[in-house]
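What follows is a single structure, written as structure tokens, with notes after it.
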Amino acid sequence: MATKLWHVPVRLATGAIIVDQGLQKLSADEDTAKWLHGQAAQTFPQFADMDPKDFVQLLSASEIALGAALLGIGFVPSGLAGVGLTIFGGSLTRLYLTAPGTRREGGVAPSQQGVGLAKDSWMLAIGLALVLDSLFGSRRKGKKS
């Protein structure tokens, strides 16, 4: 399936940001590793017993791989890249919704500390758009876009 024109800017922008974040985490110091690990372990208890430095290396490698998949236009189908982005964006959105202090009391609006995580919901939306388009887009119905 050919990549649709509208996929290009969202994949390039999102992929570039995710690769950059993954590359930055390669050189994370011990305090940063502990903080990132602690944040993740609150929402995803399966990471609680993992060494913080190992966790950050896994996170870094995952971000670089996902970003590369998004940047791999013509090599990685948009639907597949969208699945990865949906999982990643969904995980960050879950972190936002469950981490203490990220939302204003009684709702889903972000607190001052939660704005950064709330903004990550755009990755969930882009991932879902790519997946839904690959499943239900006009090409699937035999039409050209």
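The values are calculated or read from the model by the stated rules, or taken from the named source; none is laboratory data. What you see is a predicted model; the values in this text were computed from it and never measured. Using ideal geometry, Cβ is built from the backbone for each residue, glycine included, and neighbour counts are taken over all protein chains shown. Accessible surface areas use protein heavy atoms only, side chains included; no ligands, DNA or RNA. Shrake-Rupley method; radii C 1.70, N 1.55, O 1.52, S 1.80 Å.
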Peptides ranked, highest mean first, by Cβ atoms within 10 Å: ranges 23-29, 56-62, 116-122 | 56-62, 116-122, 23-29
Those residues of the stretch 31-57 whose amide nitrogen sits under 19 Å from the label point placed on Gln113, 7 Å along Cα→Cβ = 31-45
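Can you show me the helix-derived [θ] at 222 nm for the chain, built from DSSP H runs with n ≥ 4 at -39,500 (n - 2.57) apiece and divided by the number of residues, rounded to the nearest 500.
Helices in the chain give a 222 nm mean residue ellipticity of -21500 deg cm²/dmol.
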Accessible solvent surface per residue of the chain, calculated while the other protein chains remain in place, 1.4 angstrom probe, Å² | 58 Å²
From the C-alpha gyration tensor of the chain, square roots of 5λ in Å | 30, 19, 12
For Arg104 and Asp120, compute 0.36 nm times the residue count separating them, minus their Cα-Cα distance, and round to one decimal in nm.
-> 4.1 nm
Considering amide H positions built from the backbone, and no H for Pro or chain starts, which residues 5 or more places from Arg103, or on another chain, come under 5 Å of its amide H?
-> Ser111
Quick one: P(r) of the stretch 23-101 from all Cα-Cα pairs, 5 Å bins, percents rounded to integers, in order of increasing distance.
-> 3, 15, 21, 21, 20, 12, 6, 2, 0
Would you list the membrane-span-like helices of the chain, meaning whole DSSP H runs whose alpha-carbon atoms span at least 18 Å along their axis and whose mean Kyte-Doolittle value is at least 0.0?
-> 7-25, 52-71, 78-98, 121-136
Calculate, in whole percent, how much of the Cα-Cα pair population of the stretch 6-48 lies beyond 12 Å.
-> 68 percent
So, with a 1.4 angstrom probe, what is the percent of accessible area on the stretch 42-95 that is carbon and sulfur?
-> 69 percent
Using only Cα atoms, what is the ratio of the radius of gyration of the stretch 60-145 to 2.2 N^0.38 Å?
-> 1.30
